[in-house]
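Below is one structure, written out as structure tokens, with a few remarks after it.
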Amino acid sequence: MQGPLGLYNYWIVIVLMMTGFYIVIARPNLIKKIVGLFVFQTSVFIFFITMAKVEDGTAPIIQEGVNLYSNPLPHVLILTAIVVSLATTALGLALVVRIRESYGTINEDDIHVQDEAS
Amino acid sequence: MEHLINIVLLGLLMLAGFAIVRTKSLLAVAMLTSIYSLLSASLFVVLDAVDVALTEAAIGAGISTILMLAAIALTSDEEKAPRHTPLLPLFVVIATGAALIYGTLDMPRFGDPAAPAHRHVAPTYLQDTPTAIGIPNVVTSVLASYRSYDTLGEVTVIFTAGTGVLALLGFRPRRRNTEDTGRKKLVILRVVAKLFFPLILLFALYVLFHGDYGPGGGFQAGVIFATGFILYALAFGLSNSQQLIPHQLLYVMAAAGVLIYGLVGIASMLLGGKFLEYQVLANDPVTGQHVGILLIETGVAITVAAVVLIIYYGFVSRRPAPGDI
Amino acid sequence: MLTENLVALQVVVPLIFAPVCLLLGKSRHAWACALTVSWLALGIATLLVTRVATIGTQSYAIGAWAAPIGIEYRVDMAGALIIFIIAAIGAMVMSYARRSIEHEIAAENSGYFYACYLLCLTGLLGIAATGDAFNMFVFLEISSLSSYVLISLGTTRRALTAAFQYLVMGTIGATFILIGVGMLYMMTGTLNMMDLAQRLPGVDDTRTIRVAFAFVTIGVSIKLALFPLHLWLPNAYTFAPSVVSAFVAATATKVGIYVLLRFFFTVFGIHFSFVAMHVGEILMVLAVVAMLVASLVAIFQDNIKRMLAYSSVAQIGYMILGISLATSAGVTAGMIHLFNHALIKCALFLCMGNIFLRLGSVELHDLRGLAQQMPWTMAVFVIGGLSLIGVPLTSGFISKWYLVSAVLDAGLWPLAVLILLASLFALIYIGRVVEAAYFSKPDPTAKKVREAPASMLIPAWLLIGANLYIGVDASLLAGIARQGADILIGAGVP
Amino acid sequence: MIGLAFDILSWVSLLIGAIFLLVGAIGVLRFPDFYSRLHAVSVSDTMGTALILVGLMIQGGLSMVTVKLLLMFYFMIFTGPTAVHALAEAAIEGNVKPFARKTGQ
């Protein structure tokens, strides 16, 4: 695919990223926010992996008779980033559980009301 | 053909994404998130990132979903509608998206072999790995040797998450036989779990030690290892699974993995090299690389397995909020 | 072996001892471990600064893989200054921490606390030392994740929501940085900062690089709480445990500013950042608004920790203002203020820790007449406050002096007036506290309190001592800052 | 000739497997209650994946790939039905009532 159509992959990935980003900033439910972050980050991973693809290349595991491989570096970066995303998700959800225990709600609007009252 | 699969998967991802926005039931959202993650793992396979696909499937579709379900069980399932109309967020998102699309216009087209990213540093990794490191999986060689310091950081991140969950949710070992009543019906699950438990652990070891040659490595192995124990806990109850690994041991394991990694670095310093310079660990540089990579991958696997279990136990041993689910 | 590996040890020592701290558990051993490591880090940092000052920029190839292939640690004068202030604040805060932590954090959590503290220290030092864009992201996440945990350990439930808010905003910021770094990699094929600086001029008129610049800038701005992206900061500083407020306020945002400096000057180069992208003008407006609005908001706060938090947002404005001038004098002023503000804010928040330990509150109306009961603590507050205002013989005066002269050098005298106006606001909010503590009658029903223990007073006084020393003789600091600024500004041309 | 026969066999197997999966998916959407949906998905899913794996094994011939596919087959045969069984048990425990048409309508 030549011309601007050769970028279609990136455009769809951007739509995906923005879906996640929208969930984070528009939804008052705390678990939904964490889900949004997860979707946002996963879409960024897709962005990186897309950039690593080389046409007609194969997975970067050296084999006899193959001489075109996809770029291994973004794969490594994303392996690290996936772990970071897991760590964020786990911590975020732990915070949500504690917030629910002390506020009785996981809705941001309700929490604000309670904080204003105190 | 590859383009077709690519487009179909991306389309499904969009569907899943929009469904996540629209769905109100959080349990359904958790499952959709899992599907989203699994779809992206499939996409990674199409895009040649097999290592990433394995990790995404294990972490995103597996562990993250379990954690979300556990958190929902401890909180509540319904989502209230937002109080304000989401005009400002919509504006921010559209502006950000427009900026990103503007940024794509000068990007090299998808799959272009002449893109600068494939011309500068990456070819060195592909050319040098067989001789300098002596393993075929270039992702492992970059991860565990060329950029091993990032991986040390990654282990530290996951260790931080484990410590954080411990600090937030605590970790209370259950007494025996408090929850085993009413689980008599699970005979089939238990038989299968018993059958699979050793196989999962065996598979984890395979993924760990085969990481030099195929997709896999310490991180994936650690997650799979922990999954075995989570399966056991689901089938036989929390207290029984905690009999298998005492929680003190989990602390020690979580710390030990990071320590193994760090000490490999310190050892290479003491032997006259730089931090994490594996060449000095053996007489022959390539053997040194092998030793170093194996040691640090083991360290990664130990910490990851322990931390994932700590996080899982942290969530599950918390008492559910009263009045829900 | 020690000297050539100094740069790596600076970060690796706290990293390795964090798990040890976790294993030591709830006992005082964990504190002793964290304390020893903090002082060790300070020792290493001192050696590092002298080494950089004598033989110049330190480059260290981790794993012996040369720069663009492997990860490089690169510490120049600017980096060394940041590393030193982080390590110094870390050592002071840890010396102070034991009593305060026993008071504010449940005993079963103290082991986790010290482990997270060391991880946070590791992350911050790692950011300052690294010369690799992606490695910076990883260490940014280490420091961020651990600071979310540290903040969530505060005494009230609002600490939890504050930490959650910080987590969401911080993760958005980090993801933006990741997108930006990805685009940079896409166009250049490298992640090493020096290599990026060399390869970017060939592609820097592309739309991709411009967007990458914008995303990195916005992402880092969230982390450093640049107005109007500061929304996470007031709650986080107010509801965190006192020790954490002191540590995070003095280090985390400073490291954010350092990251911004690195990207503006080293990676993108002064020409691209300030001439092509006009980031200077945008930052200048935001900085001035932050200075004035946040100072004004601070005046109306009754919780003193919250007041200090807003004051931090304002002070970040001063630093950014200096940087936005993009002159040697401006960046020097920014770095001097960065150093001084770390000293000042740390001392002030430690003060709040003392008051909270004895009084159980940091609300303004509970402080009436406190100066008689806690004279030493309040004296720290007064000197710190004077420093914040910028009274001569304090370090704050030095920062303001350099900043105002840099602004005048650039011919922007209205800005100098605005700086003085913001200082006037600072005078008001500090004045409110001083008025309550020294000149109000104590509430007759209020309980009598004792002065804070010496273990908590000495670190605060050490910081104040350093502050006064700089106020009298700033030549050493100014020299180092100027050297750092010159390297940064000249770094665009390799 | 043999090659062609194997190819046809494998494709038939793949196609029938895919049809099974499709039917299962339609069943999940169209059936009225939890238990019948579970029925639709479990039976067709197990059969569908099994057929697809067989089709792939024929393609793979006698190689390491086939051994791995065989292992997958083994795992699928066990985990699929077990998971569905556990789901049904959980549904009963959670008082999910089967759909029943009211008499007299």
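Every number in this text was worked out from the coordinates using simple rules, so none of it is lab data. Not measured: the values here are computed from a predicted model. Positions of Cβ are generated from backbone atoms using ideal geometry, with glycine treated the same way; all protein chains shown enter the neighbour counts.
Based on C-alpha pairs under 8 angstrom that are at least 6 apart in sequence, chain B has a relative contact order of 21 percent.
Where only DSSP H runs of four or more residues are counted, chain D gives -29500 deg cm²/dmol as its mean residue ellipticity at 222 nm, each run worth -39500 (n - 2.57). Mean residue ellipticity at 222 nm, helices only, chain B: -22000 deg cm²/dmol; runs of at least 4 DSSP H residues each add -39,500 (n - 2.57), and the sum is divided by the number of residues. For A:Ile62, the amide hydrogen comes within under 5 Å of the amide hydrogens of B:Asn137, B:Val138, counting only partners 5 or more places away or on other chains and with H modelled in the peptide plane. Here the Karplus relation 6.51 cos²θ - 1.76 cosθ + 1.60, evaluated at θ = phi - 60°, turns the backbone of region B:29-42 into coupling constants of 4, 4, 5, 4, 4, 4, 4, 4, 5, 5, 4, 5, 4, 4 Hz, with x for every Gly and Pro. For A:Asn29, the residues 5 or more places off, or on other chains, whose built amide H falls under 5 Å of its own are A:Glu108. Our summary gives region C:153-269 a relative contact order of 36 percent, counting only alpha carbon pairs under 8 angstrom and 6 or more residues apart. Ranking C:Thr332, C:Ile257, C:Ala298 by how far each Cα lies toward the positive end of the dipole of chain C (charges on Cβ) leaves C:Ala298 at the top. Here the Karplus relation 6.51 cos²θ - 1.76 cosθ + 1.60, evaluated at θ = phi - 60°, turns the backbone of region B:138-146 into coupling constants of 5, 4, 5, 5, 5, 4, 9, 10, 4 Hz, with x for every Gly and Pro. Please work out whether region B:132-325 counts as rounded, prolate or oblate from its C-alpha gyration tensor, where a ≥ b ≥ c are the square roots of the eigenvalues and a/c under 1.5 means rounded, while otherwise a/b larger than b/c means prolate and anything else oblate? It comes out prolate by the Cα gyration axes. Counting, for every residue in C:147-160, the Cβ atoms of other protein chains within 10 Å of its Cβ and taking the mean gives 5. A dipole drawn for chain D from +1 and -1 charges on Cβ atoms has a positive end, and of D:Gly3, D:Thr66, D:Asn95 the residue lying farthest that way is D:Asn95. Taking Lys and Arg as +1 and Asp and Glu as -1, the other residues whose beta-carbon sits under 12 Å from that of C:Met193 total -1. Summed over qualifying helices (DSSP H, 4 residues or more, each -39500 (n - 2.57)) and divided by its residue number, chain A shows a 222 nm mean residue ellipticity of -24500 deg cm²/dmol.
Between A:Tyr69 and A:Thr58, the built amide H atoms are under 5 Å apart, and every one of these is 5 or more places off in sequence or on another chain.
For the residues of B:61-72, the average number of beta carbons from a partner chain within 10 Å of their own beta carbon is 4. Using the Cβ-Cβ distance between A:Glu116 and C:Asp409 with R0 set to 51 Å, the FRET efficiency works out to roughly 0.65. For region C:392-494, which trypsin sites (Lys or Arg not before Pro) are both in a DSSP coil and crowded by at most 10 other Cβ atoms within 10 Å? Hits after loop and neighbour filter: C:Lys447, C:Lys448, C:Arg450. Prolate is the label for the protein assembly as shown. Its Cα gyration tensor axes, ordered a ≥ b ≥ c, give a/c of at least 1.5 and a/b above b/c. Each peptide in C:26-36, B:305-315 was scored by the mean count of other Cβ atoms within 10 Å over its residues; highest first, the order is B:305-315, C:26-36. Short-range pairs are left out: with C-alpha atoms under 8 Å and at least six residues apart, the relative contact order of region D:2-93 is 32 percent.
Charges were assigned to the Cβ only: +1 to each Lys and Arg, -1 to each Asp and Glu. The resulting dipole of region D:2-93 about its Cα centre is roughly 180 debye.
Averaged over the residues of C:60-73, the number of partner chain Cβ atoms lying within 10 Å of the residue Cβ comes to 6. Taking Cα centre as origin and charging only the Cβ of basic (Lys, Arg, +1) and acidic (Asp, Glu, -1) residues, the dipole magnitude of the protein assembly as shown rounds to 2720 debye.
Charge tally for A:Leu86 (other residues, Cβ to Cβ under 12 Å; Lys, Arg +1; Asp, Glu -1): -3.
Dipole orientation for the protein assembly as shown: of the candidates B:Ala28, B:Leu281, D:Val43, B:Ala28 has the Cα lying most toward the positive pole (charges on Cβ; Lys, Arg +1; Asp, Glu -1). Can you give me the C-alpha center-to-center distance between region A:100-118 and region A:63-91, rounded to a whole angstrom? Value for the Cα centre distance between the two parts: 39 Å.
GNM on chain B, alpha-carbon springs under 10 angstrom: the most fluctuating residue among B:Ser64, B:Ser141, B:Ser76 is B:Ser76. The local environment of B:Phe110, defined by Cβ-Cβ distances under 12 Å, has a net charge of -1 under the rule Lys, Arg +1 and Asp, Glu -1. The charge dipole of region B:132-325, taken about its Cα centre with unit charges on the Cβ atoms of Lys, Arg (+1), Asp and Glu (-1) only, comes to about 1120 debye.
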